[in-house]
Each structure stands twice: as C-alpha cells, then as structure tokens.
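The values are calculated or read from the model by the stated rules, or taken from the named source; none is laboratory data. Not measured: the values here are computed from a predicted model. So basically every Cβ, Gly included, is an ideal-geometry build from the backbone, and we count neighbours across all protein chains shown. Calculation scope for accessible area: heavy atoms of the full protein, side chains included, ligands and nucleic acids excluded. Shrake-Rupley method; radii C 1.70, N 1.55, O 1.52, S 1.80 Å.
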Amino acid sequence: MLKRSKSYTTNAKFMLHGGDYNPDQWLDRPDILIDDIELMKLSHSNTFSVGIFAWSALEPEEGKFTFEWLDEIFSNIHSIGGKVILATPSGARPAWMSQKYPEVLRVNGSRVKQLHGARHNHCFTSPVYREKTQIINRLLAERYGDHPALLMWHISNEYGGECHCDHCQNAFRGWLKEKYNHDLKSLNDAWWGPFWSHTFNDWSQIESPSPIGENAVHGLNLDWRRFVTDQTISFFENEIVPIKEITPDIPITTNFMADTFDLIPFQGLDYSKFAKHLDVISWDAYPAWHNDLESTADLAMKVGFINDLYRSLKQQPFLLMESTPSAVNWHEVNKAKRPGMHLLSSMQMLAHGSDSVLYFQWRKSRGSSEKFHGAVVDHDNSPENRVFKEVAKVGETLEKLSDVVGTNRTSDVGILYDWDSNWAINDAQGYGLKTKRYPQTLQQHYRTFWEQDIPVDVITKEQDFSSYKLLIVPMLYLMSEETIARLKDFVANGGRLVTTYISGIVNEHDLTYLGGWHKDLQEVFGIHPVETDTYYPNDKNYVTYKNQSYELKDYATVIDVHTATTEGVYVEDFYANTPAVTSHVYEQGKAYYIGGRLEDQFHRDFYRELIQELGLEPAFRVKHGKGVSVQVRQDQENDYIFIMNFTEEQQNVTLESSVTDLITGEELSGDLTLEKYEARIVVQR
Ligand code: GAL
C-alpha cells in the first residue's frame with residue numbers, strides 16, 4: 001500500500017495558482033504541451049487540476065488503459081516544481097460505456113432516459129457506474145499515489161442533478177424505510193398523506209417527485225432532495241474508497257458551486273452535509289463583474305457572503321478551484337474583466353479565506369462549447385496579451401503571500417443559512433411566489449456588517465452557536481424542535497438573536513406547527529406573530545423605528561406582543577400603529593423580531609445599535625468611504641489585512657495603526673490612496 005503524508009496547508013505552504021489543465025485535448029500537439037511548460041513558469045502557475053473530464057483519454061476502450069500521457073504531464077508539472085490536483089474522471093464518461101451499459105445514463109423527472117452526451121449526467125446509483133469509477137480511481141491512485149507532485153484529489157466535478165431510474169427509485173424507498181423505521185404510517189403522517197388521497201399502503205407505491213406525477217406533497221419533495229444529497233454523497237464515498245485506502249494522507253475535495261449572478265448557494269445539494277465528507281472545501285466562483293444591474297461594491301458584498309458561507313462550513317481555509325481570468329462563455333453577456341479587476345477579485349477570495357486562485361481553464365480549448373471561455377493561455381499561445389499579464393501579476397502577488405496560507409478568521413457574528421429551509425420555503429405555495437428570496441434576504445442582513453468590515457460567519461444549523469455574541473436567523477421558515485431548543489439555549493445563555501417574518505412556520509417534515517407559533521419561540525421573543533401579509537410588487541408600507549421611517553416591501557407580519565417591547569410600528573394598512581419590530585429580554589440574553597421586509601437603511605440603523613452595545617469591531621480599523629472593504633485573516637501573531645477598492649474611483653482611506661505592505665515591503669500609516677480596483681495587502685505583526 002502506498003502512503004503519503006502531506007497536507008496542502010502544512011507541508012506545502014504556498015498559495016496555489018493555476019487551474020484546470022486539459023492536456024488530453026492536445027495529445028496530438030506535443031509542441032503545445034512543450035510550450036505549456038514555459039507558459040506555466042511565465043504565468044507564475046504552480047498547481048494544475050488534471051484529468052477532470054479525461055476518461056476517454058484514460059480508458060479509450062473498456063479495460064484498455066492509457067496512462068502514459070498523464071505520466072508525462074505529471075513529469076512536466078513536476079519539472080517546474082508544480083503540483084497536481086488529480087481529478088477522478090466521473091463527471092463525463094466515454095461513449096463506449098453509455099453504449100454498452102445504458103443503466104449509467106440518467107433518467108429525468110419525466111422518466112425519460114437521457115442520451116449519451118454532454119456531462120454531469122450519470123446515474124448516482126447505477127452499480128455499473130459505481131464499479132467503473134472505482135476501477136479507474138484505483139488505478140489512478142496506484143499509479144500516482146506516491147508521485148511527489150500529487151497534492152490533492154479533486155473528486156469528479158461539480159456534483160449535481162438527480163436521476164429517477166429504477167435503481168434510484170429503489171434506493172429512495174430504501175432510504176425512506178430507514179428514515180421512517182419501516183413504518184409506513186409515520187411516513188404518511190409526515191407527508192400529510194390523506195391530502196388529495198395520497199396515503200400509501202405499500203412502499204412500492206412511492207415514487208420520486210415528477211412533473212408528470214407527484215409534485216404537490218411537500219414532505220415527499222423535501223425528503224427527495226435530502227435523498228439526492230445523501231445519494232450523491234454515497235456515490236462520492238464509493239468513488240473515494242480506493243483513494244482513501246491507497247493515499248490516506250492526500251486531502252480530498254470536490255468543487256462546489258454558486259449561482260453566478262446572485263451568488264447564492266447552489267440549491268441542488270445540501271453542502272452542509274457534503275462538507276463533512278471533505279478534507280477541503282473548494283468552490284467555483286464566476287461573479288458577473290461589471291454587469292449593468294448593480295454596482296461593483298454590491299456584487300463584492302455578495303461574493304463576501306458566499307465566501308463566508310463556504311469558509312464557515314469547515315471553519316478553515318478553502319480553495320478557489322475555478323474562476324476566470326477574464327470572461328466566461330455562458331453568461332448572456334460575457335464581459336471581460338476590466339484591468340485590475342482580476343487581481344482585486346482574486347485578492348477578495350484570499351481575504352475571505354481562500355488559499356488559492358485557480359482557473360477554468362489553463363489553456364483555452366480549440367473547439368466545442370468552451371472555446372471562447374477565458375483562460376490563462378489564449379489561442380494566440382502568447383504570454384504577451386493583457387489577460388496573460390494580469391494572470392502573471394496575480395501569480396507574482398501570490399508568491400509574496402505565502403505567510404497568509406492556513407490563517408483563518410474569527411467572528412462574533414453568525415448568520416444562519418439552511419438548505420432544508422430554503423427548499424421548503426421555495427416549495428411553499430403561499431406568501432409571494434416570486435418574492436421569497438431567502439438567501440438574498442440573508443445577504444441583506446450581511447450587508448451592514450460587510451460595509452463596516454465586521455467579520456461574519458455564515459453558518460448552518462448543526463454548527464455550534466455558543467461562540468457568537470450575535471446570531472441572525474432571518475426567514476428560517478423550517479425550524480425543527482431541536483433547532484428551536486438550540487436557539488432558546490443560545491438566548492438563555494446570553495446571546496442576542498435576531499429573526500424575522502416567515503420564521504418557525506414548519507417543522508422538519510414541512511408540517512406547520514399547530515396552536516400558533518411554537519411556545520418556546522413565543523417565550524424567547526415575548527410575542528406571537530399571528531398573520532403574514534404579502535404585498536404586490538407595487539405595494540409598500542413603512543415602519544417607524546426610533547423616530548425614523550423605513551420603507552417596507554413584500555412582507556409584513558402582524559404581531560401580538562406578550563412580554564416584548566415594541567421598538568417599531570407599521571405606518572399604514574389595517575395594522576397601522578401595531579408592532580413591527582420587537583425586542584425581548586429572555587434570561588441572560590435578548591431576542592429581536594423584525595416583522596417586515598425593510599430597506600437596507602433600516603438594517604444599518606438597527607444593527608448599528610447592536611454593534612455598539614456588543615462592542616463588535618472590525619478586526620482592523622480603516623476609515624474609508626462606500627465601496628471599500630477591509631477583511632482580515634489572522635494567526636496567533638499577525639493580522640493579514642486586505643484593503644480593497646470595489647469602486648471605479650480613487651479612494652482615500654485612513655489606517656488607524658501602522659502596518660507593512662506585504663507586496664512592496666513599505667511601512668504604512670495614516671492616509672493611503674487606493675486607485676480604482678486597487679487592493680493593498682498589509683500585515684500588522
Ligand atoms: C464550471 C465547470 C468547468 C467549466 C466552467 C466554465 O462550472 O466546472 O468545467 O465548464 O464552469 O465556466
């Protein structure tokens with residue numbers, strides 16, 4: 001058995017720079033592969049994710065393996081002191097496999113078996129596909145497990161989607177039997193069976209949700225999504241059996257995703273569960289910089305939010321596995337990153353916890369759908385173009401930031417995001433069908449802290465709450481009894497808890513709580529929300545809070561106050577002058593309820609008081625105007641401070657203590673000017 005002992009943050013203390021490298025597209029061009037070696041050096045790249053979609057190059061015919069080209073790539077990369085993140089190829093498969101074993105093909109919700117083609121379209125349950133992935137993964141681990149260039153495993157690519165084939169239906173029924181202790185009645189109860197005569201009397205009657213079948217049973221929909229996560233993880237676990245056996249010390253990751261415009265978490269899988277199976281979180285970030293709908297700073301805030309979620313999943317540095325050096329090819333408009341934006345956006349990833357800047361892709365494809373996607377090396381094969389130079393500059397910068405590797409962030413503020421609750425609320429036929437916007441609501445609360453450089457962890461419900469002074473739980477529609485109990489404990493022990501409209505409505509089966517709001521929530525908040533009004537897009541109302549008036553859109557909850565203090569009231573409608581914002585001292589802590597969806601200025605003013613009261617501080621204080629963000633990573637001795645100008649104008653900032661510029665070595669204090677899109681990375685020792 002081959003063994004290595006190395007972790008990307010300990011023995012290999014450098015910022016990873018490079019990305020998806022697909023030499024399998026260039027095997028008939030040895031000249032290009034030779035050029036790559038020089039261009040790798042010139043671009044200051046040191047790490048390459050290899051083999052991601054290379055199955056047909058690795059196994060062109062069933063059982064006939066061709067690793068020689070990959071041996072050469074390993075040697076080329078090693079020859080320049082580079083590292084390999086070795087992928088398993090399961091994200092796309094060779095045609096011979098689909099032809100010979102049609103069971104590997106995915107079946108969609110309408111029960112139509114998909115044809116061979118595209119990618120990310122295999123069945124997660126298929127015994128054949130599981131066996132085939134294990135065979136190739138074993139061979140990869142055996143062949144490269146002790147290669148000194150091997151740094152990490154990249155398992156598959158962007159897991160996602162679902163399969164509804166017979167294998168998956170059976171697996172789903174098995175999963176349900178286990179979940180409901182083989183008791184069909186408890187499943188029928190959880191799914192509110194008698195509604196529309198949806199009571200099952202045999203497990204075999206249960207099928208996955210379908211647009212041409214069952215799609216109105218919310219408990220079923222929710223369980224299906226949970227199953228899809230578990231089945232994807234089970235597929236992943238199957239993939240890594242030989243890898244763990246042969247290379248137990250090589251860290252394992254898989255690349256997560258996020259929505260590109262809203263930067264909201266990927267909705268298809270519960271990453272809070274997946275994270276537990278990974279050594280390193282990595283994700284693919286493609287923000288639409290310079291879009292025409294929002295300011296650069298608004299987009300940067302959202303990038304901050306998603307980074308803080310993915311970092312907080314393991315509370316450790318993560319990897320930026322993919323990004324583009326310039327444009328992508330799949331937005332409606334594929335705009336080039338303006339000069340300076342590539343360095344700035346890369347530094348923002350580091351600022352929130354990434355120990356890498358990796359790209360899709362390293363060399364631009366010549367054909368097929370990604371031939372115009374931004375890449376380090378363009379079709380001109382030249383190191384002289386603007387994009388290549390910007391990449392090289394990022395690489396040079398990263399070489400000066402190796403001290404930042406492995407450092408983390410601490411925070412007194414937690415904002416809670418929950419995949420289950422997001423699925424359930426999106427399924428709810430009620431409220432505004434287009435205005436739920438749960439993750440965007442979290443971003444709205446996050447914004448105030450981002451604007452003031454106060455670090456935030458975006459956490460999930462299983463994580464420990466006790467280290468936070470302030471826990472913000474907006475729109476947590478689905479709350480299990482267990483979550484309610486943990487929130488109650490948090491406040492009882494002195495925490496400040498903020499929640500909002502549409503929280504605590506259903507339990508973990510998506511069944512509403514009976515008898516009004518949960519009695520523990522009533523006790524903690526000192527109120528009883530009794531009715532939630534939903535607004536048309538042109539409707540609005542106002543809330544008066546501390547003598548200011550704030551605009552309200554979308555939702556207003558009518559509140560019966562028991563023992564809470566009314567802090568704000570609605571201005572109009574049949575609930576005019578009734579409580580809209582409340583606070584309540586409960587044991588050692590305090591709980592706040594915000595009844596309506598209020599404008600940003602409300603959050604700024606509301607949280608300003610809490611920030612002062614709790615003594616929440618930026619990790620390093622810089623005086624600056626709008627659109628500048630200051631984020632800090634720390635170890636026991638040093639603060640690494642990222643000062644970033646997300647505006648199109650020069651910005652003057654004032655440092656409140658002296659620091660050293662990590663790139664230029666200059667000592668800095670007092671006033672500092674940041675050019676458009678400039679980032680300064682400084683250290684306070
Ligand atoms: C990612 C994917 C890459 C590439 C890239 C293009 O989602 O993992 O393989 O397609 O998008 O932006």
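With no solvent and one equal point scatterer placed on each C-alpha of segment 230-290, evaluate the Debye formula and give log10 I(q)/I(0) for q = 0.15, 0.24 Å⁻¹, two decimals. For segment 230-290, the Cα-only Debye profile gives -0.53, -1.03.
Structural size metrics of segment 626-667, computed from C-alpha coordinates, are Rg and Dmax of 11.6, 35 Å. Over segment 277-434, the fraction of Cα-Cα pairs per 10 Å bin, rounded to whole percents and listed from the shortest bin up, is 9, 33, 33, 19, 5, 1.
Computed in the context of the full set of protein chains, the accessible area of the chain at 1.4 Å probe radius has 48% of its extent on carbon or sulfur. Charge dipole of segment 96-151 (Cα centre as origin; +1 on each Lys and Arg Cβ, -1 on each Asp and Glu Cβ, all else neutral): 280 debye, rounded to the nearest 20. Once every DSSP H run of n ≥ 4 in the chain is given -39500 (n - 2.57) and the sum is divided by its residues, what mean residue ellipticity at 222 nm do you get, rounded to the nearest 500 deg cm²/dmol? It lands at -9500 deg cm²/dmol. Scaled against the 2.2 N^0.38 Å expected of a compact globular protein of N residues, the Cα radius of gyration of segment 100-158 reads 1.41. In this structure, the residue pairs whose Cα-Cα separation is over 20 Å, taken from 273/314; 553/626; 41/400; 389/676, are 553/626. Close amide H partners of residue 206, meaning residues 5 or more places away or on another chain with modelled amide H under 5 Å apart, do not exist here.
For segment 374-458, the Kirkwood estimate of the hydrodynamic radius, built from every pair of different alpha carbons, is 17.4 Å. Once the Cβ-Cβ distance of residue 241 and residue 532 is raised to the sixth power relative to R0 = 45 Å, the FRET efficiency obtained is 0.40.
Per-peptide packing, taken as the mean over residues of other Cβ atoms within 10 Å, places 228-240, 111-123 in the sequence 228-240, 111-123 from highest down.
Protein heavy-atom accessible surface, 1.4 Å probe, per residue over the chain: 38 Å².
Under the classification rounded if a/c is under 1.5, otherwise prolate if a/b is larger than b/c and oblate if not, where does segment 559-604 fall, given a ≥ b ≥ c as square roots of the Cα gyration tensor eigenvalues? Verdict is oblate for segment 559-604. Note that segment 151-156 has calculated 3J(HN,Hα) couplings of 10, 6, 9, 10, 7, 6 Hz, one per residue in order, obtained from phi through the Karplus relation 6.51 cos²θ - 1.76 cosθ + 1.60 (θ = phi - 60°); glycine and proline are x.
In order along segment 496-510, the phi-based Karplus estimate (6.51 cos²θ - 1.76 cosθ + 1.60, θ = phi - 60°) of 3J(HN,Hα) comes to 9, 10, 10, 10, 9, 2, 6, 10, x, 8, 10, 8, 5, 9, 6 Hz; Gly and Pro are listed as x. Taking 0.36 nm per residue of sequence separation and removing the Cα-Cα distance, the residue 549/residue 186 pair yields an extension gain of 125.8 nm. Kirkwood analysis of the Cα pair distances in segment 47-163 returns a hydrodynamic radius of 14.9 Å.
What helices does the chain have that are whole DSSP H segments, at least 18 Å long along their own axis by Cα, and with mean Kyte-Doolittle hydropathy of 0.5 or more? Membrane-span-like by this criterion, though nothing is claimed about a membrane: 30-42. Relative to one another, the C-alpha centroids of segment 527-546 and segment 327-374 are positioned 41 Å apart.
Of the peptides 540-546, 27-33, the order by per-residue mean of other Cβ atoms within 10 Å, starting with the highest, comes out as 540-546, 27-33.
With N as its number of residues, segment 445-523 has a Cα radius of gyration that, divided by 2.2 N^0.38 Å, comes to 1.14. For segment 445-594, the residue among 471, 485, 509 whose Cα projects farthest onto the positive side of the dipole built from Cβ charges is 471. Placing +1 on the Cβ of every Lys and Arg and -1 on the Cβ of every Asp and Glu, with nothing else charged, gives segment 356-485 a dipole about its Cα centre of roughly 620 debye. Scoring 411-419, 349-357 by mean Cβ neighbours within 10 Å over their residues and listing the highest first yields 349-357, 411-419.
With Cβ to Cβ distances under 10 Å as the rule, what net charge do the other residues near residue 579 carry (K, R +1; D, E -1)? With Lys, Arg at +1 and Asp, Glu at -1, the neighbours total -2. For the chain, a crude dipole built from +1 on the beta carbon of Lys and Arg and -1 on the beta carbon of Asp and Glu, taken about the Cα centre, is about 660 debye to the nearest 20. Computed on the Cα atoms alone, the convex hull of the chain gives a volume of 165 cubic angstrom per residue. Per-residue Karplus couplings for segment 278-293, computed as 6.51 cos²θ - 1.76 cosθ + 1.60 with θ equal to phi - 60°, are listed in order as 10, 7, 9, 7, 9, 8, 10, 10, 10, x, 7, 4, 6, 6, 9, 10 Hz, Gly and Pro entered as x. Net charge in the neighbourhood of residue 343 (other residues with Cβ under 13 Å of its Cβ; Lys, Arg +1, Asp, Glu -1) is +4. Between amide H atoms placed 1.01 Å from N, distances below 5 Å from residue 555 occur with 535, 597, all of them 5 or more places distant or on a separate chain. When both bridge partners sit in the chain, DSSP labels roughly 60% of those beta bridges antiparallel.
Give the residue from 398, 356, 374 lying farthest towards the positive end of the charge dipole for segment 352-418; charges sit on Cβ (+1 for Lys and Arg, -1 for Asp and Glu) and the dipole is referred to the Cα centre. Ranked along the dipole, the leading option is 374. Considering only 25, 579, 323, and ranking their Cα positions along the charge dipole of the chain that arises from unit charges at the beta-carbon of Lys, Arg, Asp and Glu, the one farthest toward the positive end is 25.
Note on segment 265-361: Cα-Cα pairs beyond 17 Å make up 51% of the total pair count.
When the trypsin sites (Lys or Arg not before Pro) in segment 430-483 are filtered for DSSP coil states and for at most 10 other beta-carbon atoms within 10 Å of their beta-carbon, the remaining sites are 434. Taking a Cβ cut-off of under 12 Å around residue 608, the surrounding Lys, Arg, Asp and Glu residues balance to a net charge of -2, with basic ones at +1 and acidic ones at -1.
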